[in-house]
Amino acid sequence: MPSKFEFNKGKMVPYPSGAIVPDRDLGQRPALECIHLGIEFGGLKAVDDFSLTIGKTEIAGLIGPNGAGKTTVFNLLTKVYQPTHGTILLDGEDTSGKSVYQVNRMAFMPRLRLYARSMGFTMA
């Protein structure tokens with residue numbers, strides 16, 4: 001029996017979108033899914049055709065050289081920038097047309113409620 005600090009590694013399997021996720025995440029909506037995301041600034045493509053799927057139990061990072069678009073992708077995910085094309089799904093819900101505030105509540109509040117409930121607190 002693993003302790004609470006041990007991690008049971010699972011095998012990686014294809015998700016219906018074509019992404020690869022841990023088998024323990026199959027049957028659940030991904031925590032985050034970006035589909036063909038892109039943005040242009042005055043005709044210059046800063047990010048083009050970026051796709052990413054992160055399962056509910058995964059921890060992910062975004063790496064790349066300077067100027068690769070990491071900060072721009074982060075700003076797209078947090079709605080600081082509106083994508084020129086593509087879709088961002090947060091727990092299966094499309095974020096298009098939502099404000100920075102709404103997206104932050106979508107991402108943060110459900111996890112805060114789970115944490116509070118686990119500590120014996122209730123939230124409205």
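What strands (runs of 3 or more DSSP E) lie completely within region 11-85 and have 3 or more residues being surrounded by fewer than 18 Cβ atoms within 10 Å (Cβ to Cβ)? Steps first, please.
Details: elements: 12-14, 20-22, 32-41, 44-54.
Qualifying strands (runs of 3 or more DSSP E): 12-14, 32-41, 44-54.
Can you name the number of the only condition in (1) closer than 30 Å to LYS11 by Cα; (2) touching a residue at least 24 places away in the same chain (Cβ under 8 Å); (3) of a type outside the set (A, V, I, L, M); (4) touching a Leu at 6+ places or on another chain (Cβ under 9 Å) that GLY38 fails?
(1)
Which pairs do you get when a residue that is closer than 26 Å to SER96 by Cβ and without any contact (Cβ under 8 Å) to a residue 60 or more places away in the chain, found in region 10-34, comes within reach of a residue that is β-branched (Val, Ile, Thr) and part of a loop (DSSP other than H, G, I, E, B), reach meaning Cβ atoms under 6 angstrom, with the pair 6+ apart or on two chains?
ASP25/THR57
Only residues in region 42-61 that are within 15 Å of ASP23 (Cβ to Cβ) count as the first member; pair them with residues that are among the polar types (S, T, N, Q) and surrounded by 11 or more Cβ atoms within 10 Å (Cβ to Cβ), Cβ under 8 angstrom, at least 6 apart or cross-chain, and list the lot.
Listed by first residue and then by second, the contacts come to THR53/SER17; GLY55/GLN28; LYS56/GLN28.
Criterion first (of a type outside the set (A, V, I, L, M, F, W, C), out of contact with any Leu (no Cβ under 6 Å at 6 or more places or on another chain) and touching a residue at least 40 places away in the same chain (Cβ under 8 Å)) does GLY97 satisfy it?
Working: of a type outside the set (A, V, I, L, M, F, W, C): yes; out of contact with any Leu (no Cβ under 6 Å at 6 or more places or on another chain): yes; touching a residue at least 40 places away in the same chain (Cβ under 8 Å): no.
The answer is no for GLY97.
Bear in mind these aren't lab numbers, they're just calculated from the coordinates by the rules spelled out. None of the values given here were measured: they were computed from a predicted structure. Quick reminder, even Gly has a Cβ in these numbers, built from the backbone with ideal geometry, and neighbours come from all protein chains shown.
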